[in-house]
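Below: the structure, in structure tokens.
The values are calculated or read from the model by the stated rules, or taken from the named source; none is laboratory data. Predicted model, so just to flag it, every value in this text is computed and none were measured. Cβ: placed from backbone, ideal geometry, glycine included. Neighbour counts: every protein chain shown.
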Amino acid sequence: MTSEVVLEAEALTKHFPVRARGRAALSRGPKVVHAVDDVSLSLRRGRVTALVGESGSGKSTVARLLAQLYPRTGGDIRIGGVSTAVKGGGRHFKAYARRVQMIFQDPFASLNPVHTVRHHLTRALKIHGRYTGEESLDELLGRVQLTPASLYLEKYPHELSGGQRQRVSIARALAADPEALLADEPVSMLDVSIRLGVLNLLRDLKERLDLAVLYITHDIASARYFADETLVMYAGRMVEGGDSETVTQRPAHPYTHLLVHSAPDPERVRGGPAPYDDEDTGEPPSLIDPPSGCRFHPRCPKAMDVCRARVPERTLVGDAPDHWVACWLFDDEGKGEGKGTDAEAADIETTDIETTDIEISDVEAADVEAAAAEAQAPELEGAAP
Amino acid sequence: MSSENVMSAQKSASPQNPASPKSPESTTGQGHPVLEIRGLSVDYGVGPQAVRAVNDVHLTLNRGEVLGLAGESGSGKSTLAYGATRLLPPPGVVTGGSVLYHPDDGDPVDLLRMTPGELRAFRWSQLSIVFQGAMNSLNPVATVAAQLTDVIAEHRPKTAKADRMARAAELLALVGIARDRLDSYPHQLSGGMRQRVMIAMALALEPRVVIMDEPTTALDVVMQRQIMRQLAKLKEQLGFSVIFITHDLSLLVEFSDRIAIMYGGRIVEQAPAVELYDNSLHPYSDGLLHSFPALRGPRRELTGIPGSPPDLRDMPAGCAFQPRCPKAFDPCGGSPPPLVRPASDPGRSVACYLHPSA
């Protein structure tokens, strides 16, 4: 947990300008897409950090900002404690890329179809000044378990299967001998039966090479499997973070709840009838004009007035070290001493017992608890240290 | 011989998923086939270059049931569905078998022998399809209303325009979209809404069979669950049968009654969803089930399946799964194992030499 921080982002912000056409061009102010707002994270040596969210939540933008493929609108990126901003593809970018490498989602698109595996790897090695002849290629392919290397070196991308292609692109990233690896949905394009092979390979590499890995995914179950730490993003902001096991088993933020309960879970067939309630869970908001306050409030079953007005700060939940959430339910200031946490604690217990979807009864239980807590609020205040 | 075995296996099997709520009609409807695929084979290309994508597949869809068809890309699951409904574009060729549709009244008809006219009338009114990537299969230059009313106008030309419009609004309401979206163009709708419009369109003429080819793959989990819930509800209301094609086995276990697993163009296992999940017989199904990290319960080390899916141009001799199979033994290299009812559990079928027939 306390291993060295390799790459760090603080209050990272990225707004994409929207081209205004026709009448919109005459309206006041240029419009922007608030793709990423105020995102802070740190990648530590030998640890996997998962970034989970729906499509459009800005998780890939975070990866591209960290790889310095986009200039940032605001905030800071520090590598080894030194603030860096790289523009263009010059010397500085190369130096940065030597330390931070990225793996893309689609191995079909990220390899050049007219070049062999040998070309891809040689080029990467030469660019980063690590080419020492044939054996460096063998070693690289050996690291991603493509052995014997001679079988693969002369192959073109179309001659390889999806899993092999993704291994080649991992090998290419490793050619720079990076400190941090940014993996943007590295397995979502692969066949289900080979996904785990690639994930296990990444984990193995992380351990052997002491890499800091950012694992971007929409599959929260794979985050639990693969990552040490999980961060949840919604509509460009981070809403919850902490140890993977805690975040997936005892989610605090209502959005993480929704995400966990929506994931397909075969175990549900054993937990009695599947809940087919009518609840319309809504859709993510437009990021051109994001909702005020907490961006989840239009969909949130527990939204309060304060959620509409102000953006919640990170608050420690306290059930596990470093488990934080950006939600007013947990904020002392927002809901009065201890009350929010009490209601939420009750909620969490309910969810632990019943593994089925219990959104509605959940809310009710929380309400009852909240009311009870309200009645006892003065005592609680006195008792609180 | 295997075909007889399989047919009776399917009829005697109780595809009822005890965990999911069922309406009385669908319970009584169990065991009555709506669609029977018999010995279907599909090739891509002709002559010596031909690649067999679907090989002698037998599959029965019963009334009111959700049949899940799972497999990796290239396993032939989509080809099977398109071959059976004669939607396969060249170079796909159906080389053998029959596809029997059992109407409510009257004798079964073979889809593969219908005249183009019959086929045109049959499609959509009896059997409809929600295509893979349905989000992009709406016409971008026509409104939702125009596309929905077109379907009705084509099949029921005598209906009045106002009635068709009312029906279109009703269909949108059915899938939870507000009436004022009727005049929207597809680009004005979100991905989830477009998907629901496609589902509404598939249900426009109240077909008895709906084939869904990866209908939720492009969507987020939250939207996926919302749509799956809605589908389950609509199925209860309208009583159609569903063939649900996906690679996501964990989704199928939760939402289907029976699951058939394809590998290398053949069905390798078929069983009620819960039984398959609890006790899969074929090593491939077992591997597939252990390829999904669990969201709950203890964290286990998972391995996936070693190797990669077979190349249809160069299929291994014997069982197609044998090169990747951890339990492969002598007979596996011989001829492909037939799909039979295993001695241990005659209520299901499996194609594996580890589980010989009774």
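Just a yes or no: is a residue in the stretch B:157-171 more than 23 Å from residue B:236 (Cβ to Cβ), hydrophobic (A, V, I, L, M, F, W, C), under 26 Å from the mean Cα position of the chain (by Cα) and assigned to a helix (DSSP H, G or I)? No, the stretch B:157-171 contains no residue that is more than 23 Å from residue B:236 (Cβ to Cβ), hydrophobic (A, V, I, L, M, F, W, C), under 26 Å from the mean Cα position of the chain (by Cα) and assigned to a helix (DSSP H, G or I). Could we say that residue B:94 is within 18 Å of residue B:212 (Cβ to Cβ), surrounded by 14 or more Cβ atoms within 10 Å (Cβ to Cβ) and hydrophobic (A, V, I, L, M, F, W, C) here? Considered against the rule, which asks whether it is within 18 Å of residue B:212 (Cβ to Cβ), surrounded by 14 or more Cβ atoms within 10 Å (Cβ to Cβ) and hydrophobic (A, V, I, L, M, F, W, C), residue B:94 comes out as no. Annotation: of all residues in the stretch A:203-225 being of a type in the set (A, V, I, L, M, F, W, C) and within 21 Å of residue A:8 (Cβ to Cβ), the one that is surrounded by the fewest Cβ atoms within 10 Å (Cβ to Cβ) is A:209.
To keep it simple, each residue is scored yes or no on (1) touching a strand residue (DSSP E or B) at 6+ places or on another chain (Cβ under 8 Å); (2) at pLDDT 90 or above.
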position	(1), (2)
A:126	no, yes
A:139	no, yes
A:155	no, yes
A:166	yes, yes
A:172	no, yes
A:177	no, yes
A:192	no, no
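Given the structure, is residue B:291 within 14 Å of chain A (Cβ to nearest Cβ), surrounded by 20 or more Cβ atoms within 10 Å (Cβ to Cβ) and part of a loop (DSSP other than H, G, I, E, B)?
When the stated conditions are applied, residue B:291 passes them.
Name the single residue that is nearest to residue B:50 (Cα to Cα) among those in the stretch B:297-343 being among the β-branched types (Val, Ile, Thr) and within 14 Å of another protein chain (Cβ to nearest Cβ).
Among those that are among the β-branched types (Val, Ile, Thr) and within 14 Å of another protein chain (Cβ to nearest Cβ), it is B:305.
Selection of first residues in the stretch A:119-147 that are closer than 23 Å to residue A:200 by Cα and of second residues that are surrounded by 16 or more Cβ atoms within 10 Å (Cβ to Cβ) and of a type in the set (Val, Ile, Thr), restricted to Cβ pairs under 7 Å at least 6 apart or on distinct chains, gives the following pairs, ordered by first then second residue: A:137/A:122; A:144/A:170. Among residues of the stretch B:317-334 that are charged (D, E, K, R), those with a Cβ under 7 angstrom from a residue that is part of a helix (DSSP H, G or I), sequence gap 6+ or separate chain, pair up as B:327/B:283. I'd like the residue in the stretch A:176-197 that is among the hydrophobic types (A, V, I, L, M, F, W, C) and crowded, with 24+ Cβ neighbours inside 10 Å and, out of all such residues, is farthest from residue A:118 (Cα to Cα). Filtering the stretch A:176-197 for residues that are among the hydrophobic types (A, V, I, L, M, F, W, C) and crowded, with 24+ Cβ neighbours inside 10 Å, the one farthest from residue A:118 (Cα to Cα) comes out as A:196.
For the stretch A:229-260, the candidate set comprises residues that are at the interface with chain B (Cβ under 8 Å from one of its Cβ atoms) and not aliphatic (A, V, I, L, M); within that set, the residue that is surrounded by the fewest Cβ atoms within 10 Å (Cβ to Cβ) is A:245. When residue A:200 is tested against the conditions (1) polar (S, T, N, Q); (2) under 23 Å from residue B:246 (Cα atoms); (3) at the interface with another protein chain (Cβ under 8 Å from one of its Cβ atoms), the lone failure is (2). For the stretch A:106-131, filtering for residues that are of a type in the set (S, T, N, Q) and within 19 Å of residue A:178 (Cα to Cα) leaves 2.
Of all residues in the stretch A:88-104, those being in contact with a helix residue (DSSP H, G or I) (Cβ under 8 Å, 6 or more places away or on another chain) and not aromatic (Phe, Trp, Tyr) number 5. Consider the stretch A:98-132 and keep the residues that are among the charged types (D, E, K, R) and assigned to a helix (DSSP H, G or I). The one that is farthest from residue A:186 (Cα to Cα) is A:126.
Across the stretch B:67-78, the qualifying residues are those that are within 14 Å of residue B:247 (Cβ to Cβ) and not in a loop (DSSP other than H, G, I, E, B), and the one among them that is nearest to the other protein chains (Cβ to nearest Cβ) is B:70.
For residue B:254, state whether it is outside any loop (DSSP other than H, G, I, E, B) and within 18 Å of the chain's Cα centre (by Cα). Talk me through it step by step, then tell me what you get.
On the way: outside any loop (DSSP other than H, G, I, E, B): yes; within 18 Å of the chain's Cα centre (by Cα): yes.
Yes, satisfied.
Residues of the stretch B:129-161 that are in contact with a helix residue (DSSP H, G or I) (Cβ under 7 Å, 6 or more places away or on another chain) and either free of Cβ contacts under 8 Å to residues at least 40 places away in the same chain or on the phi > 0 side of the Ramachandran plot (or both): B:145, B:149, B:153, B:159.
Here residue A:177 meets the list (1) within 14 Å of chain B (Cβ to nearest Cβ); (2) within 21 Å of residue A:124 (Cβ to Cβ); (3) of a type outside the set (Phe, Trp, Tyr) almost entirely, failing just condition (1).
Cβ-Cβ contacts under 8 Å between residues 6 or more apart (or on different chains), taken from a first residue in the stretch B:263-287 that is over 17 Å from residue B:57 (Cα atoms) and touching a residue at least 40 places away in the same chain (Cβ under 8 Å) to a second residue that is assigned to a strand (DSSP E or B) and of a type in the set (Gly, Ala, Ser), are listed as B:273/B:68; B:281/B:271. Screening the candidates B:48, B:103, B:116 for the property of being touching a residue at least 12 places away in the same chain (Cβ under 8 Å), exposed (fewer than 14 other Cβ atoms within 10 Å of the Cβ) and out of contact with any helix residue (DSSP H, G or I) (no Cβ under 9 Å at 6 or more places or on another chain) yields one hit, B:103.
Does any residue of the stretch B:119-128 turn out to be without any contact (Cβ under 8 Å) to a residue 24 or more places away in the chain and touching a Pro at 6+ places or on another chain (Cβ under 9 Å)? No: zero hits. Can you give me the number of residues within the stretch B:294-319 that are surrounded by 15 or more Cβ atoms within 10 Å (Cβ to Cβ) and in contact with a strand residue (DSSP E or B) (Cβ under 6 Å, 6 or more places away or on another chain)? Looking only at that region, the number is 1.
Yes/no per residue for (1) at pLDDT 85 or above; (2) within 14 Å of residue B:152 (Cα to Cα):
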{"residue": "B:181", "(1), (2)": "yes, no"}
{"residue": "B:197", "(1), (2)": "yes, no"}
{"residue": "B:201", "(1), (2)": "yes, yes"}
{"residue": "B:206", "(1), (2)": "yes, yes"}
{"residue": "B:218", "(1), (2)": "no, no"}
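Scanning the stretch A:287-324 for residues that are of a type in the set (Lys, Arg), under 20 Å from the mean Cα position of the chain (by Cα) and closer than 26 Å to residue A:17 by Cα gives a single hit, A:295.
Please tell me if residue B:57 is of a type in the set (A, V, I, L, M, F, W, C), surrounded by fewer than 18 Cβ atoms within 10 Å (Cβ to Cβ) and part of a strand (DSSP E or B). When the stated conditions are applied, residue B:57 does not pass them.
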